[in-house]
Structures are given as structure tokens and as C-alpha cells.
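Trainee: Sharing a structure, written as C-alpha cells. Questions coming.
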Amino acid sequence: MIAIYAFLPSVALSAMPVVNGHTQLATTYAGDPILGVVKNINLGGLQRPAEIYVGILAATILFIAPTRGVIGVAPHLLDGPAPPAA
């Protein structure tokens with residue numbers, strides 16, 4: 001986990017360096033900074049597939065994250081009301 005926090009900003013800064021105290025991440029891609037990083041890294045022929053992959057990955061995460069709390073962490077909530085205490 002620490003590697004992700006250390007690695008991701010270095011990739012972002014290599015793709016879009018800070019100029020006059022601002023980057024495109026803070027202005028142009030403020031709503032979707034990860035896609036902004038992918039769009040600004042020169043990947044040649046893999047550019048468009050990488051953008052699509054990041055979009056699919058983001059959609060998957062946005063779909064799984066809200067349902068994970070109900071289904072994975074607390075499955076007993078789907079069983080109905082708890083029986084009365086004795």
C-alpha cells in the first residue's frame with residue numbers, strides 16, 4: 001500500500017510536471033486525475049487501450065465499492081430482522 005502512495009504521484013508528476021505552481025491535474029483533469037495521467041503518458045499504440053482499461057477499471061471499482069459493504073462485510077443484514085433476545 002505504501003508503494004502505491006509513493007509511486008502514483010511520481011508517475012503523475014512525470015506525465016505532467018508542475019509549471020508555475022500548477023499542473024493540468026489540478027485544472028484540466030481535476031475531475032478524473034488518473035485518466036489525465038494516462039492521457040499524458042506517451043504510450044504509442046497502447047494509448048487508447050490504456051485509456052479504455054482505466055475507464056473499465058474505474059467503473060468496476062465504482063460498482064463494487066458500494067455493494068461490498070452490504071454483501072461482503074455484513075451478509076447477515078440480508079437475512080431479515082434479528083430474532084428477539086431471550
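The values are calculated or read from the model by the stated rules, or taken from the named source; none is laboratory data. In this text the structure is predicted, and so the values were computed from the model without any measurement. Heavy atoms of the whole protein, side chains included, go into the accessibility calculation; ligands, DNA and RNA do not. Shrake-Rupley method; radii C 1.70, N 1.55, O 1.52, S 1.80 Å.
Trainee: Please go through the stretch 61-77 and pick out each residue that is open to solvent by 60 Å² or more (accessible area, probe 1.4 Å), of a type outside the set (D, E, K, R) and at pLDDT 60 or above.
Mentor: Result: 61, 62, 63, 64, 65, 66.
Trainee: Taking the stretch 48-68 only, how many residues are under 13 Å from residue 32 (Cα atoms) and not hydrophobic (A, V, I, L, M, F, W, C)?
Mentor: Total satisfying the criteria: 2.
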